[in-house]
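Written below as structure tokens is the structure these notes are about.
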Amino acid sequence: MRKLSKATLALATELEEHAAQQHFDALPPLLAALGASGEPPALAVLLPYLLASPPSTALAARQAAGALLATTPQAELGWLEQEIRSRSRRDAYYHRQPPASAASEWRGLTAAALKRHAREPGGAALLQVSSFHDSGFVREAAIYAMDADQSGDELPYLLLRLNDWVPVIHHAARGAIERRLAPDHARHFLTSIALCQRLAEQRRNALGPLHEKIQALLRSPAAAPARLQAEGSPDRHVRRAAFLLSAESPSTDDAALRELLLRALGSGDLWVRIWATRTARTRLYGPALRETLGQARGDRSVPVRREALLGFVEEFPELRRSLLDPCASLREMVRYYLRKKANLDFAAIYRQEL
């Protein structure tokens with residue numbers, strides 16, 4: 001189980017002390033500080049305050065919850081859901097117990113109450129957290145309410161509910177996802193690619209066909225602008241998927257693939273640059289291949305240069321120039337291939353260069 005840092009745990013303890021003493025004016029700043037902590041487990045601390053009174057406390061808690069969810073990597077949302085549900089079942093919140101009435105109000109949340117509270121300020125964040133609730137009725141109500149939202153912020157939580165063990169919830173989530181299988185939502189699906197890719201691995205609700213529909217949307221020509229924008233995403237799952245999907249798109253001809261791989265070789269992501277070099281070796285030929293491998297050969301990373309040299313194994317002049325690569329292991333690899341092609345005096349070549 002992941003733990004809160006000492007600083008965040010101190011904030012949680014102070015929050016609970018003020019709540020126990022009904023110092024309501026002190027709660028919003030502490031809730032905001034928890035939201036700014038960037039620690040997803042702090043969401044468990046906020047649960048009893050999402051429906052609290054006065055309304056200023058509830059709003060501060062919802063805003064803090066929204067901030068935490070927005071900074072949580074989507075690949076970790078599944079873990080966070082299990083953590084929240086486990087703690088909610090046991091009324092186990094960090095560090096001390098909040099007021100019993102507040103904790104029981106969250107646990108006893110009903111679908112009707114959620115619909116009412118969702119219309120209040122901060123309702124979007126409340127719906128997102130409620131999709132993790134232990135009550136199936138509450139999760140179902142959260143799905144139907146989020147389905148009306150077309151901003152894209154709701155998509156990760158709908159994707160999580162696709163694997164829900166309650167059939168009616170799964171069907172509600174599936175309907176919401178299928179209504180979003182359109183080019184306008186391609187960028188949202190790309191942003192949630194870590195959750196989309198998991199659908200192929202989940203067997204409970206036979207999600208393989210839906211996963212294929214999402215992949216087809218993301219590979220389509222209509223999704224090209226979304227893929228291009230996603231190439232610069234700070235999320236490694238998103239940017240890597242953007243390059244892979246563009247390479248697999250039926251609209252990507254040889255010229256477009258060359259441009260794509262050259263862009264990939266300019267990425268700061270080592271994985272992307274290695275992938276681009278390997279893809280060039282298998283899918284490009286002639287001048288396009290030489291241009292791409294030539295750029296890769298000057299890469300700052302040894303693995304990329306190694307992949308480029310493997311593409312030049314049949315090109316004697318390129319191999320000979322690579323005898324001067326700054327990496328000793330790459331120079332040895334070049335000598336290995338050159339020995340197969342010609343009887344060269346490597347010592348003489350190095351003396352000449354020196």
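The values are calculated or read from the model by the stated rules, or taken from the named source; none is laboratory data. Just so we're clear, the structure is a prediction, and the values are computed from it rather than from any experiment. Glycine gets a Cβ as well: all are built from the backbone with ideal geometry, and neighbour counts include every protein chain shown. All accessible areas refer to the heavy atoms of the entire protein, side chains included, with ligands and DNA or RNA removed. Shrake-Rupley method; radii C 1.70, N 1.55, O 1.52, S 1.80 Å.
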In this structure, does Ala102 turn out to be within 30 Å of Lys3 (Cα to Cα), open to solvent by less than 30 Å² (accessible area, probe 1.4 Å) and either in a loop (DSSP other than H, G, I, E, B) or modelled with pLDDT of 90 or more (or both)? no
Filter result (assigned to a helix (DSSP H, G or I), of a type in the set (A, V, I, L, M, F, W, C) and either within 27 Å of Trp79 (Cβ to Cβ) or in contact with a strand residue (DSSP E or B) (Cβ under 9 Å, 6 or more places away or on another chain) (or both)) within segment 20-49: Leu30, Leu31, Ala32, Ala33, Leu34, Ala42, Leu43, Ala44, Val45, Leu46, Leu47
Look through Ala52, Ala65 and report the one residue that is out of contact with any strand residue (DSSP E or B) (no Cβ under 8 Å at 6 or more places or on another chain) and open to solvent by less than 10 Å² (accessible area, probe 1.4 Å). Ala65
If I ask for residues that are of a type outside the set (S, T, N, Q) and in contact with a Lys or Arg (Cβ under 9 Å, 6 or more places away or on another chain), which ones from segment 249-265 would you list? Pro250, Asp254, Leu257, Leu261, Ala264, Leu265
Filtering segment 148-158 down to residues that are open to solvent by 20 Å² or more (accessible area, probe 1.4 Å) and within 19 Å of Gln74 (Cα to Cα) yields Asp149, Gln150, Ser151, Asp153
Which residue is nearest to the chain's Cα centre (by Cα), if the candidates are limited to segment 183-233 and must be within 21 Å of Asp153 (Cα to Cα) and among the acidic types (Asp, Glu)? Glu231
Quick check on this structure: which one of Arg198, Arg161 is touching a residue at least 12 places away in the same chain (Cβ under 8 Å), touching a helix residue (DSSP H, G or I) at 6+ places or on another chain (Cβ under 8 Å), open to solvent by 50 Å² or more (accessible area, probe 1.4 Å) and of a type in the set (D, E, K, R)? Arg198
For residues in segment 273-307 being polar (S, T, N, Q) and within 18 Å of Leu257 (Cα to Cα), which is modelled with the lowest pLDDT? Thr282
(1) under 18 Å from Ala52 (Cβ atoms); (2) modelled with pLDDT of 90 or more; (3) surrounded by fewer than 19 Cβ atoms within 10 Å (Cβ to Cβ) all hold for Tyr144 apart from (1)
Considering Arg174, Arg180, Arg139, which residue is open to solvent by less than 70 Å² (accessible area, probe 1.4 Å), of a type in the set (Lys, Arg) and in a loop (DSSP other than H, G, I, E, B)? Arg180
Quick one: Arg281 ticks every box in (1) open to solvent by 60 Å² or more (accessible area, probe 1.4 Å); (2) touching a helix residue (DSSP H, G or I) at 6+ places or on another chain (Cβ under 6 Å); (3) under 30 Å from His170 (Cα atoms) except a single one, so which number is it? (3)
Members of segment 1-18 that are in contact with a Pro (Cβ under 7 Å, 6 or more places away or on another chain) and open to solvent by less than 40 Å² (accessible area, probe 1.4 Å): Leu4, Glu16
Of the residues Ala264, Ala296, Ala241, which single one is closer than 19 Å to Ser322 by Cα and buried (at least 19 other Cβ atoms within 10 Å of the Cβ)? Ala296
Condition test on Glu291, is it under 24 Å from Ala186 (Cα atoms), open to solvent by 30 Å² or more (accessible area, probe 1.4 Å) and not basic (Lys, Arg)? no
